[in-house]
2 protein chains.
Amino acid sequence: MISIATWNINSVRLRADQVERFLTQEAPDVLCLQEIKTAESLFPHDVFERLGYTHRAVHGQKGYHGVATVSRIPFREIGRHDWQDNGEARHVGVELIGPGQGLILENVYIPAGGDIPDRTVNAKFGQKLDFLERMTRWADKLDKPTLIVGDFNIAPLESDVYDHKALLKVVSHTPLEVETLQRFADAHGWVDLGRKHIPAPERNYSWWSYRSYWRQKDQGRRLDHMWASPDVAAQSLSHRFVEETRRWDQPSDHVPLVTELSL
Amino acid sequence: MISIATWNINSVRLRADQVERFLTQEAPDVLCLQEIKTAESLFPHDVFERLGYTHRAVHGQKGYHGVATVSRIPFREIGRHDWQDNGEARHVGVELIGPGQGLILENVYIPAGGDIPDRTVNAKFGQKLDFLERMTRWADKLDKPTLIVGDFNIAPLESDVYDHKALLKVVSHTPLEVETLQRFADAHGWVDLGRKHIPAPERNYSWWSYRSYWRQKDQGRRLDHMWASPDVAAQSLSHRFVEETRRWDQPSDHVPLVTELSL
DNA sequence: GCCCAAGAGG
DNA sequence: CCTCTTGGGC
């Protein structure tokens, strides 16, 4: 059995102590981080090394984006896609060696998409859709047991947001985004582990805005996901959201997700 | 007997808790702050109010400089000099009412003066000397019992720095600054309480640079001062530097000075 | 709101 | 090294 976690940490340097606390408490075998917001040279390798996460694939970028996969079990890095060829660090892929042998683990940070859900006036929204379309063409060719995790920046189901109707016009929950994400899902037959283990319409959020006081009112959205190839999904034992991190000092706006696979 | 303190706090909002700790521990009747680095509207009035410092004269400025005098005993504000008429908040004066009746308390933050001690290539150095010259003309006319305190940004004596010879060419200890400060002293006959109570060449520092690791090597300078009119100096009972604050978390680069007067 | 980067000022 | 501002991003 191996356990895998994903967490948009919103600056790994600022929250190195929180990552340490999480790893100490939950002890996942692998942790996928997004928005590390640092160049690889300033990544806090020592923290992970000390805790036994001696295998690391860090695709960093100064100030923005950036993803990292750290692991107690060996892996080999299989690539860093830059689907839009714009230099943004939004993906790193690894293949597990030893325990979980052969599992492909794709760590991705999909663009947020700006404020206005209209690609003619908001280039960032167009970039988000284009990113998903390029990922879809890529996923169509995947033929190995794969788990893709990360911050997708889309809450696809009605029960993935605190107010479905109100958010239909808000970037992250628009029909256009949801349809585009669905085409990505269909391209590989991805199984949404979050909803496999916590079926809709059960409350199931991973993100709360820093703006306003929504935190207190529980106005969250499920933007972070773990999706598995059908064969991998069949081996998934559990899935949970570690909401406790929201109560820590100066938390990330995202909480971690953890899943267990019988590999 | 009244006690008066001065402290360059280097952001009163960031260190409101440290100011509270200092006031709780030392309980001076009056505290003069420099480099509060905030507009008056964002000054943490509540902290002082709660501790009984209900009389406050805050001469704030957004982001830079700024001075404030807070007191448990009543005073009336007598003015805010802008000697160079450049809008910088570097002075506030008050006159005590009740205990210490009639004492004038001038709180001042003299410009640092930049890096190069040459007014032809460094306008900031010229501004510092000009500021002192304008203060000198002002001091020449003072005729009331006065205590002037604050960050003078000059260490006048050899024993006011960790290495006199090395610092002769460093802004804060150059002969030109020391002579200019001496003319200010002579203009009113100010008595340096720091050296009245802790005579040279005893070690007597109020500031340690954040840059480099001088803190550990005790490479300090005496940049903060409390100077009294001769009549007030005759009533000065004690004077000390509260170096303990340097060991607090994220300390200011300056430590507080406290003096007691038999008024 | 919170995070990053630059640049100024100390 | 530390703090502030502005401006971008989410």
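The values are calculated or read from the model by the stated rules, or taken from the named source; none is laboratory data. All values reported here derive from a predicted model rather than from experimental measurement. As a convention, Cβ positions derive from the backbone with ideal geometry for all residues, glycine included, and neighbour counts pool all protein chains shown. Protein only, heavy atoms only, side chains kept; ligands, DNA and RNA dropped before computing areas. Shrake-Rupley method; radii C 1.70, N 1.55, O 1.52, S 1.80 Å.
Which of the residues that make up segment A:75-125 are in a loop (DSSP other than H, G, I, E, B) and within 20 Å of A:Tyr53 (Cβ to Cβ)?
Result: A:Arg80, A:Ala89, A:Ile97, A:Gly98, A:Pro99, A:Gly100, A:Gln101, A:Leu103.
For the subset of segment A:43-59 comprising residues that are more than 20 Å from the chain's Cα centre (by Cα) and of a type in the set (Val, Ile, Thr), which member is most open to solvent (accessible area, probe 1.4 Å)?
A:Thr54
With the condition kept exactly as written, say whether any residue in segment B:63-72 is within 16 Å of DNA strand C (Cβ to nearest atom) and more than 14 Å from the chain's Cα centre (by Cα).
yes
Can you tell me which of A:Glu20, A:Glu88, A:Glu40, A:Glu77 is away from DNA strand C (no atom under 16 Å from the Cβ) and open to solvent by 10 Å² or more (accessible area, probe 1.4 Å)?
Checking each option against the conditions leaves just A:Glu77.
Select from segment A:1-17 the residues that are among the polar types (S, T, N, Q) and open to solvent by less than 10 Å² (accessible area, probe 1.4 Å) and write down the one among them that is farthest from the other protein chains (Cβ to nearest Cβ).
A:Thr6
Residues being open to solvent by 40 Å² or more (accessible area, probe 1.4 Å) and of a type in the set (Val, Ile, Thr): count how many of those fall in segment A:110-146.
Qualifying residue count for the region: 3.
May I ask you to say which residue of B:Tyr53, B:Tyr64 is in contact with a Leu (Cβ under 9 Å, 6 or more places away or on another chain) and not in a helix (DSSP H, G or I)?
Going through B:Tyr53, B:Tyr64 in turn, just one is in contact with a Leu (Cβ under 9 Å, 6 or more places away or on another chain) and not in a helix (DSSP H, G or I): B:Tyr53.
Of the residues B:Arg21, B:Arg72, B:Arg13, B:Arg76, only one is under 17 Å from B:Trp248 (Cβ atoms), away from DNA strand D (no atom under 14 Å from the Cβ) and among the basic types (Lys, Arg); which?
Details: B:Arg72 fails: under 17 Å from B:Trp248 (Cβ atoms); B:Arg13 fails: away from DNA strand D (no atom under 14 Å from the Cβ); B:Arg76 fails: under 17 Å from B:Trp248 (Cβ atoms).
B:Arg21 is the lone residue from the list that is under 17 Å from B:Trp248 (Cβ atoms), away from DNA strand D (no atom under 14 Å from the Cβ) and among the basic types (Lys, Arg).
Looking at B:His197, is it at negative phi and open to solvent by less than 40 Å² (accessible area, probe 1.4 Å)?
Numbers: at negative phi: yes; open to solvent by less than 40 Å² (accessible area, probe 1.4 Å): no.
So B:His197 fails the test.
Would you pick out the residues in segment A:65-74 that are within 18 Å of A:Arg50 (Cα to Cα) and open to solvent by less than 30 Å² (accessible area, probe 1.4 Å)?
A:Ala68, A:Thr69, A:Val70, A:Ser71, A:Ile73
For residues that are open to solvent by 30 Å² or more (accessible area, probe 1.4 Å) and touching a helix residue (DSSP H, G or I) at 6+ places or on another chain (Cβ under 9 Å), scanning just segment A:176-188, find the one that is farthest from the other protein chains (Cβ to nearest Cβ).
A:Asp186
Among the numbered conditions (1) within 16 Å of DNA strand C (Cβ to nearest atom); (2) under 30 Å from B:Ile104 (Cβ atoms); (3) free of Cβ contacts under 8 Å to residues at least 24 places away in the same chain, tell me where B:Asp186 comes up short.
(1)
Suppose we keep only residues that are assigned to a helix (DSSP H, G or I), open to solvent by less than 10 Å² (accessible area, probe 1.4 Å) and away from DNA strand C (no atom under 16 Å from the Cβ) within segment A:232-263. Which one would you say is farthest from A:Ser206 (Cα to Cα)? Full working, then the answer.
Of all residues in segment A:232-263, those assigned to a helix (DSSP H, G or I) come to A:232-233, A:243-247.
After this cut, where a residue has to be open to solvent by less than 10 Å² (accessible area, probe 1.4 Å) as well, the list is A:232-233, A:245.
Applying the additional criterion that residues be away from DNA strand C (no atom under 16 Å from the Cβ) yields A:232-233.
On the way: A:Val232: 22, A:Ala233: 20 Å.
It comes out as A:Val232.
Can you tell me which residue in segment A:200-217 is least open to solvent (accessible area, probe 1.4 Å), limited to those that are away from DNA strand C (no atom under 16 Å from the Cβ) and either within 17 Å of A:Glu243 (Cβ to Cβ) or of a type in the set (Asp, Glu) (or both)? I'd like the intermediate steps shown before the answer.
Our first condition is that a residue be away from DNA strand C (no atom under 16 Å from the Cβ); within segment A:200-217, this holds for A:200-205.
Adding the requirement that they be either within 17 Å of A:Glu243 (Cβ to Cβ) or of a type in the set (Asp, Glu) (or both) leaves A:202-205.
Details: A:Glu202: 102, A:Arg203: 98, A:Asn204: 4, A:Tyr205: 21 Å².
Selected residue: A:Asn204.
Those residues that are near DNA strand C (Cβ under 10 Å from one of its atoms) and not hydrophobic (A, V, I, L, M, F, W, C), I need them from segment A:23-37; list them, please.
The answer is A:Glu35, A:Lys37.
Would you confirm whether any residue within segment B:202-215 is in a helix (DSSP H, G or I), at pLDDT 95 or above, among the charged types (D, E, K, R) and in contact with a strand residue (DSSP E or B) (Cβ under 8 Å, 6 or more places away or on another chain)? Before the answer, list the steps.
From segment B:202-215, those in a helix (DSSP H, G or I) are B:214-215; that's our starting set.
Among the residues that remain, those that are also at pLDDT 95 or above are: none.
No, there is no match, as no residue in segment B:202-215 is in a helix (DSSP H, G or I), at pLDDT 95 or above, among the charged types (D, E, K, R) and in contact with a strand residue (DSSP E or B) (Cβ under 8 Å, 6 or more places away or on another chain).
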